[in-house]
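The values are calculated or read from the model by the stated rules, or taken from the named source; none is laboratory data. This structure is a prediction, so every number in the text was calculated from the model and none was measured. Don't worry about glycine lacking a Cβ; one is built from the backbone with ideal geometry, like all the others, and counts go over all protein chains shown. The area values use the complete protein model at the heavy-atom level, side chains included, leaving out ligands, DNA and RNA. Shrake-Rupley method; radii C 1.70, N 1.55, O 1.52, S 1.80 Å.
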Amino acid sequence: MTAPAPDADDARQTLSDLVDGRLDGAALRQACDNWAADAEMRRSWHAYQLIGDVMRSDDLVGRPQRDAAFLAAVRERLAREPVVLAPTQPAAALAVAPTAGRPHRVARQIWWPMTAAAGFVAVAGVLVVLGQGGVSPDEAALLAARQAAPAVVLPVAAQVARQDVNQGANAGQVPVTQATLVSSSPPVNAQMLRDARVDDYLRAHRETLAGSPAALPGGGLRSVDFTVPQR
Amino acid sequence: MTDTDADAQLVERVKRGDKHAFELLVVKYQRRIERLIGRMVRDTDLVADIAQESFIRAYRAMPQFRGDSAFYTWLYRIAVNTAKKTLGQLQRDPLVTEAARARSGDDDETSPVENELSDSATPEALLASKQIAQAVNAAVEALSEDLRQAITLREIEGLSYEEIAEVMNCPIGTVRSRIFRAREAIASRLRPMLDRHDGARW
């Protein structure tokens, strides 16, 4: 058997680093991309994980020849799921993450003020999932508004679908829009990300609100960059 | 043993929209999750189905995972709940329970539903698994002292690279390299046994 090419050896070393959680940032992203693109990397990741499991417990062998089929089945189902997006690091960190020239939406942090004037703003717990070919952010916000009771607004973690950053052969196709109800919670994760187009929508409707009884002195809703220290 | 730190970065990547990072976690935890579910359910095909469902539910629930517990602990709970829910649904299925009632006796400890579902693991499959476990153990034994110590301290004792460097009195770079070479030495013995050309491909 010929020795593996130096590239392959480097790639496997990186995979070994990944097994032990020694990668972050760009190196981590690259490793995930390589894994997705290269069957040999997937085989090696599987083998390294199996080795660790078996060293700890013989009954963790399972039926390894079936494992590729297991992953294929999960991948197929995952491809139909909306992309989950709920980072716990501040938006500033997100904005600088390079995406190899691929255009991506700029996410901004918005603090929804605790105000009863927000008649059309989503009640805590309403997450809106957007998809390509699905509902636009404007329509989605309107949908959320219609479902909302005029009540106090609490910040929630947003779940926004967007084009999968790491598009490859198995890229997550973002399917039909759905609105998901999620239980609200005290603002541990008080950051909320919204598509920039939602800002435009809000600005456009601020004028409409201004004359209404629901309007606050000072002009109603404000967009403010806000971070809450993580617990 | 759970690698809390090892998972944190992958989890963060998942939360940033990287589905492949989640798939890496699926491959990592599939065996443990299937073993867990296998204690509640005997049929190996049903075990796999419930395991897949558990991973999908975990993916959907990622925004709610805040990192207060280890990722595997959180995944474990989801898997248990998914298994219980599935068994509950099967209990209520009239076709299943009718046939099961006809078979089960009063002394039987397993549930009537479980009796109906047969175990599909063949003796050949069990033997193949045993051989793989033996190959791993033999390969670890065959490693040089340094490589075996490095991989054992990492995988069994759960020490960090820094801690291993201290124990083995060598630079962290050497630890990193030894662990990798140990893995590759064992993996190269396993690869011919793991590949199955008629099965699904990686």
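The table for this structure:
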read-out: Farthest positive-ward along segment A:1-74 dipole, Cα basis, beta-carbon charges - from A:Gly62, A:Gln49, A:Gln30; value: A:Gly62
read-out: Net charge over other residues, Cβ less than 11 angstrom from the Cβ of A:Leu28 (K, R count +1; D, E count -1); value: -1
read-out: Inter-chain Cβ neighbour average for residues A:70-79, partner chain, 10 Å; value: 6
read-out: For B:179-191, mean number of other protein chain Cβ atoms within 10 Å; value: 6
read-out: Charge context of B:Lys130, other residues only, Cβ under 12 angstrom, K/R +1, D/E -1; value: -2
read-out: Pairwise burial A:B, computed as accessible area of each alone minus the pair, summed, 1.4 Å, Å²; value: 7500 Å²
read-out: Summed side-chain charge close to B:Thr82 - residues other than B:Thr82 whose Cβ falls under 11 Å, Lys, Arg +1, Asp, Glu -1; value: +2
read-out: Subset of B:Lys15/B:Lys85; B:Lys15/B:Lys84; B:Lys19/B:Lys130 violating a 29 Å alpha-carbon distance limit; value: B:Lys19/B:Lys130
